[in-house]
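In what follows, a structure is listed as structure tokens, so that the remarks can point back to it.
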Amino acid sequence: MQTTLDEVQARESRHVLQTYRRAPVTFVRGQGVRLYDIDGREYVDLLSGIGVASLGHAHPALARVVAEQAQTLIHTSNLFFHPLQGQLAERLANLSGLPRAFFCNSGTEAVEACLKFARRYWFTKGEPRREFIALEESFHGRTFGSLSVTSDEHYRKPFEPLLASVRFVPVNEPAALLSAVSRSTAAIIAEPVQGEGGIRPLTPAFAEAITEACAKSGALFIADEVQSGLGRTGYPFYFAALGLKPQLVAVGKALGAGVPVGAALVGQDVADTISYGDHGTTYGGNLLACRAALCFLDQLVGGGLLGHIGRTGRHFQEKLHALAARHPIVKDVRGAGLMWGLELTRDAAPVVPAALERGVIVNRTAERVVRLLPPLIITEAEIDEGLGRLDAALGAVGAQG
């Protein structure tokens, strides 16, 4: 039902819990990498719902399979078999090298599952290790376990005490990691590319330190690929690009291309320690979610999307560096594939509304970073158009002094 932005805002202010500081725009339609607001204005989407709309908006194949599944069977619960979970788990196993999957509804749920499975592993081994080593600048989600391994005090403080047995070490400082890990460590958890922390890829040296620490202590490694995984960086999983071999991997965001679905991918050594009833979810891995995820993987692998990301990612990188050269307020360009951050010399907050005014969607993270997570289907021409609008926004912000 068509309405106005003012009416939408007024209704939300009365009835929706105020946990989000929303931008003053109401989107009602999308097509490809473009979104359209309630007044019909068009925007180039360089955020894709924070990396979720991996196939863009109104993707024909996704729309078709979701409609077909909704007309057939959506949900039966995990009390029964259905034909799609095994297919999806097999596809993810082939991509990741981890043979088993636990399906849930989001990235934070996938992280929760990984934390629980790591604890269960050591309980089964008769060595109840409880400690987790996490990284500064990390973000793993907002539920109690995932929040416990998230470093930012802004997220943590109102909800403490959280899990007590978590230690944070500086990102990309190998010596600090090696000195922190011990025979009490159940697992190290890290994002191969930190997302909320400012688009910070782990360095090869730090990845080597993770491998060494796990080998010496026996600790498991949990790779949080919720934002960086499933093609976003140009690799199926960025842990492989770093030479890491996790026993547990959390995925979400891109997997359902907009339909909520997450998964914990599990190595066989950990899977062997899990028993019936150790974890569960009512919605996780239902037919609709699995159908959407299978459609996404069809596009990523069989549809050539992974190769497309490699080509467009290189173009994106080149254009971002050219952009940075024109704007003194840009301090650094970081990322891979179609996951990029522009670190500024000042707070990045003014860039977001300036970009929105010019018809391009980005967001701010880690205070000084403009985050760019476009739909994976974006073309080189669309990159040029979107970054041209961002160029104008950066110019306007830079001119303010």
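What follows draws every value from the coordinates through simple rules; no lab data is involved. Owing to the predicted nature of the structure, the values given are computational and were not obtained by experimental measurement. Every residue, glycine as well, gets a Cβ built from its backbone with ideal geometry; the counts of neighbours run over all protein chains shown.
Summary of the geometry: the range 326-401 and the range 116-188, compared by the centres of their Cα atoms, lie 32 Å apart. For the chain, the longest principal axis of the C-alpha atoms and the axis of helix 305-326 are separated by about 60°. Across the cross-link table entries K157/K253; K157/K319; K216/K253; K125/K157, which are compared at the Cα atoms, the separations over 28 Å belong to K157/K319; K216/K253; K125/K157.
Comparing the chain with the 2.2 N^0.38 Å rule of thumb, its C-alpha radius of gyration ratio is 0.98 (two decimals). Each DSSP beta bridge with both residues in the chain is either parallel or antiparallel, and the antiparallel ones are about 65%.
The Cβ shell under 14 Å around R291 holds other residues with a net charge of 0, Lys and Arg each +1, Asp and Glu each -1. Near S217, once Lys and Arg are set to +1 and Asp and Glu to -1 for all other residues with Cβ below 11 Å from its Cβ, the sum equals +1. Computed from label points 7 Å out along Cα-Cβ, the spacing between T203 and A325 is 2.6 nm.
Modelled this way, with points 7 Å down the Cα-to-C-beta line, the labels at E173 and A381 are 4.9 nm from one another. Across the range 380-390, coupling constants 3J(HN,Hα) worked out from phi with the 6.51/-1.76/1.60 Karplus curve, θ = phi - 60°, read 4, 5, 5, 4, 4, 5, x, 6, x, 5, 5 Hz, and Gly and Pro carry x. Note on the range 67-94 and the range 1-53: Cα centroid distance 31 Å, given to the nearest whole angstrom. How large is the charge dipole for the chain, taken about the Cα centre, if only the Cβ atoms of Lys, Arg (+1) and Asp, Glu (-1) carry charge, to the nearest 20 debye? That gives a dipole near 320 debye. Amide H contacts under 5 Å for L46: I361, restricted to partners 5 or more places along the chain or on a different chain, H placed in the peptide plane at 1.01 Å from N.
What length, rounded to one decimal in nm, is gained on full extension from F144 through to S275, with 0.36 nm per residue of separation minus their alpha-carbon distance? Show your work: numbers first, answer last.
On the way: separation 131, 0.36 × 131 = 47.16 nm, distance 2.29 nm.
The F144-S275 span can extend by a further 44.9 nm.
Amide H contacts for R100 (H built 1.01 Å from N in the peptide plane; partners 5 or more residues away or on another chain; cut-off under 5 Å): V266.
Distance between the pseudo-spin-label points of I74 and R156 (7 Å out from Cα toward the beta carbon): 3.9 nm. Over the range 15-131, Cα pairs under 8 Å with separation of 6+ residues give a relative contact order of 11 percent.
Please give the FRET efficiency for F81 paired with E127, using the beta carbon to beta carbon distance and R0 = 22 Å, rounded to the nearest 0.05. Here the calculated transfer efficiency is 0.05. Once C-alpha pairs closer than 8 Å and six or more residues apart are averaged by separation and normalised to the residue number of the chain, the relative contact order reads 21 percent. With a Förster radius of 30 Å, plug the Cβ-Cβ distance of Q400 and A10 into 1/(1 + (r/R0)^6) and report the FRET value to the nearest 0.05. Once the sixth-power term is evaluated, E becomes 0.45.
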